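One structure is given here, and the rest of the page talks about it.
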Ligand code: NAD
């Protein structure tokens, strides 16, 4: 396989049919990291045809659950074997720190193992009591068919794996299209699937742009399911393109996630320290390029001054630099476009009356921070209110907005005042209040006195415009299945509805 043979169709690595290529940049210095094939609609059609053949007539349909689970476990082992290499690729490709890259590999390994265990442990179908000893009724699960998997640039390997592992576990074939900005670990993942023994045609990969590759996948008549993770605008287009074919569609979209802090959580020094530390982590990990980033701090008025002062002090001290450098805590933004978007959001917030408490500009270059990299300083904006653009829209940059409240009702109203509904947190020393509050938050994941952890066995997804469907957990497997009811009459006899 040469460097630009990044399209994988029917078990063969190849260049784009058109011969087109794309440079993938390292966001820490804007140098070329790799050159990949720039696939088009023709490559996409070929990949879908291969997936269709492998589903309809290949050996894949005959595999047992045990065989597929064993394959997933082999992939998990291979991921661990290549942990350092993959972590490094992800760090260079996305800008995240090497340690974050390694953690992603571990999380992904867990997801592969989880889905292997899930399909093994659930047993066969579900026998249904039909109310008659003469009837055997069972609900079984079957694969949906050919799946189109479209992923974003912020967690490339992780988002790919949340789709690939259940798609394989359920017995589907697929075509995956990673983000054109960060395709490299998905290429590596497909190599591992081949090494683990996946038959040709089951896993196909087309590197290329959202339009035409993603758009063609979403509308393609031979695709049965589209699972998309990305922004609201592209997700809406995918849903529209998939609608005429009545495909199954799963959408994991953006978020504008509240982090609600009650004063009682800061009553002790330890409590205060923890809440500030986690608010920083919620907002600034991976430079805020996280769908579940806690980008909206909603804090009780009585602790606001002390909390925001400490937050801003610590935000200023975050060590920005190339993700592979020792001691660096936070990498660059992924692209020049993302940097420009961040700058525009901060400018608009200041015009709308926000008060800058930290950041608000690009940091000075340094030994670990090339001048050509897409770095932006962690930015805390005080005096924000819910009508501001920076509070309403997903910035996907290192921007934390601060709003305040006086009562629990007001805090809840602010926390739920978003068109999204992906994730959010509440901090309180009063367990009853924290649980009451969490119970009323309209978000797919709610943390009490924590931020960011997720579990492969618990569903992930959003309320509102954060998406449709769920990944991970049993529901994350169900997305890739059709249910079939098999009703067997053990004593067939005429029903005599019609007299003649
Ligand atoms: P994006 O929507 O720009 O792109 C996502 C993917 O869709 C890419 O592969 C892109 O090439 C493709 N695409 C673009 N236009 C398309 C079209 N018309 N048809 C089909 N595919 C198309 O998103 P992004 O900028 O790569 O990622 C950031 C977004 O992803 C944020 O909004 C973030 O919140 C979201 N995200 C959500 C989750 C989640 O779990 N809910 C996780 C990670 C990221």
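Residue 130 passes every criterion in (1) away from the ligand (no atom under 16 Å from the Cβ); (2) surrounded by 24 or more Cβ atoms within 10 Å (Cβ to Cβ); (3) in a loop (DSSP other than H, G, I, E, B) apart from (2). Meeting the requirement of 3 or more residues that are at pLDDT 95 or above, more than 9 Å from the ligand (Cβ to nearest atom) and within 30 Å of residue 317 (Cβ to Cβ), the helices (runs of 4 or more DSSP H) wholly within the stretch 188-296 are 269-284. The single condition among (1) out of contact with any helix residue (DSSP H, G or I) (no Cβ under 8 Å at 6 or more places or on another chain); (2) farther than 24 Å from residue 83 by Cα that residue 163 does not satisfy is (2). Restricting attention to the stretch 425-440 and to residues that are touching a helix residue (DSSP H, G or I) at 6+ places or on another chain (Cβ under 6 Å) and touching a residue at least 60 places away in the same chain (Cβ under 8 Å), the residue that is surrounded by the most Cβ atoms within 10 Å (Cβ to Cβ) turns out to be 426. Could you please let me know if residue 118 is at pLDDT 95 or above and more than 14 Å from the ligand (Cβ to nearest atom)? When the stated conditions are applied, residue 118 passes them.
Looking at the stretch 75-91, is at least one residue farther than 26 Å from residue 5 by Cα, in a helix (DSSP H, G or I) and touching a residue at least 12 places away in the same chain (Cβ under 8 Å)? Taking every residue of the stretch 75-91 in turn, none turns out to be farther than 26 Å from residue 5 by Cα, in a helix (DSSP H, G or I) and touching a residue at least 12 places away in the same chain (Cβ under 8 Å). Could you check the stretch 247-294 and list, in sequence order, the residues that are over 29 Å from residue 334 (Cα atoms) and either surrounded by 21 or more Cβ atoms within 10 Å (Cβ to Cβ) or in contact with a strand residue (DSSP E or B) (Cβ under 7 Å, 6 or more places away or on another chain) (or both)? Passing the criteria: 247, 248, 261, 262, 263, 265, 266.
All conditions but one from (1) away from the ligand (no atom under 16 Å from the Cβ); (2) in contact (Cβ under 8 Å) with a residue 40 or more places away in the chain; (3) not in a helix (DSSP H, G or I) apply to residue 112; the one that does not is (3). Residue 453 falls short on exactly one of the conditions (1) surrounded by fewer than 23 Cβ atoms within 10 Å (Cβ to Cβ); (2) in contact with a strand residue (DSSP E or B) (Cβ under 9 Å, 6 or more places away or on another chain); (3) touching a residue at least 12 places away in the same chain (Cβ under 8 Å), and that condition is (3). Criterion applied to 150, 168 was being within 14 Å of the ligand (Cβ to nearest atom) and in contact with a helix residue (DSSP H, G or I) (Cβ under 9 Å, 6 or more places away or on another chain), and the one residue passing it is 150. Does at least one position in the stretch 298-313 carry a residue that is on the phi < 0 side of the Ramachandran plot, assigned to a loop (DSSP other than H, G, I, E, B) and either touching a helix residue (DSSP H, G or I) at 6+ places or on another chain (Cβ under 6 Å) or at pLDDT 95 or above (or both)? No, the stretch 298-313 has no match at all. Applying the set (1) within 18 Å of the chain's Cα centre (by Cα); (2) within 25 Å of residue 68 (Cα to Cα); (3) surrounded by 24 or more Cβ atoms within 10 Å (Cβ to Cβ) to residue 114 leaves exactly one unmet item: (3). Looking only at the stretch 31-57, residues that are touching a strand residue (DSSP E or B) at 6+ places or on another chain (Cβ under 8 Å) and not in a helix (DSSP H, G or I) come to 10 in all. Summed over the stretch 431-477, the residues that are assigned to a helix (DSSP H, G or I) and more than 10 Å from the ligand (Cβ to nearest atom) give a count of 17. The residues of the stretch 9-30 that are under 24 Å from the mean Cα position of the chain (by Cα) and assigned to a loop (DSSP other than H, G, I, E, B), listed by number, are 27, 28.
The values are calculated or read from the model by the stated rules, or taken from the named source; none is laboratory data. Everything quoted here is computed from the prediction, not taken from an experiment. Methodologically, a virtual Cβ is constructed for each residue, glycine included, from the backbone with ideal geometry; neighbour enumeration extends over all protein chains shown.
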